[in-house]
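The values are calculated or read from the model by the stated rules, or taken from the named source; none is laboratory data. Predicted model only: the values in this text are computed from it and were never measured. Here the Cβ positions follow ideal geometry from the backbone for every residue, glycine too, while neighbour counts run over all protein chains shown.
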């Protein structure tokens, strides 16, 4: 028998399989978060839009009905309600984008983005204005609606709107429509130069964090803490209800905007390299930003209940208007005790609280 010369090629085997890449080092896949945003954002944004439209519409209706008897805080409440209403009107556009992509042109993209930013800032600034008005009216017992002329109120509101517009100029410069390969649809988003994208993104975020949350939060905390202490020293038992309202005001503001700004800060620190890049953290931040932004925008529909419907006098006005609409006209106006009408006596002068 001849000797076999067949070679054993097993010793020459080369493993052509790709090496295992740790999840932290692999390119991040946002398929899961994209699908989550695609169904979560349209549903929640449209819900906030409907509730905000109803609530803020009722506030404007009631304010209009007693236009002749407006106090200073009513002017700020009107502008706050108007900004919340306009902010809510932008939500269907964003809901449409996440469901079907941006189906509009570049100009509506910039306008809707600017309208969203302007009214987000103005809404928070007018909350601070209401706190400032109550601070002077209660702590210093100053009847501002008697000493301050209408032109002064107009100028304050004009400054708030002008500041909000100034802080929203980046929407016209950076926001544009672009085709996103990942979602296979057009998107209205910020378009930065790749070399300076993280710098611009984090700069704009820190401006929003400082001026759109931390500064108003500090002012509101200062105003309402002084108001709270003043009411606690009051000898009138009905100030307890006002103390509860103050706690609710601060709690709702922090609850709505605190989580979103916290996630925004963590995401910005990660982009700056302060926190090490981690794909798993990126995905959690992406979903967290979506959920907490919706929570922050819910302030649009919570403001009418916290700043208006919580007042007994406002509820009585709404009740009277509803009876008038249903054909039950109430001839006599609302009468009640000083406690029911939201009035306390401080330093021998009566001031309207809420």
(request) Taking the options 289, 318, name whichever one is in contact with a helix residue (DSSP H, G or I) (Cβ under 6 Å, 6 or more places away or on another chain), at pLDDT below 75, part of a helix (DSSP H, G or I) and more than 19 Å from residue 134 (Cα to Cα). (result) 318
(request) Report yes if some residue within the stretch 118-128 is within 24 Å of the chain's Cα centre (by Cα), surrounded by 18 or more Cβ atoms within 10 Å (Cβ to Cβ) and more than 23 Å from residue 55 (Cα to Cα); otherwise report no. (result) no
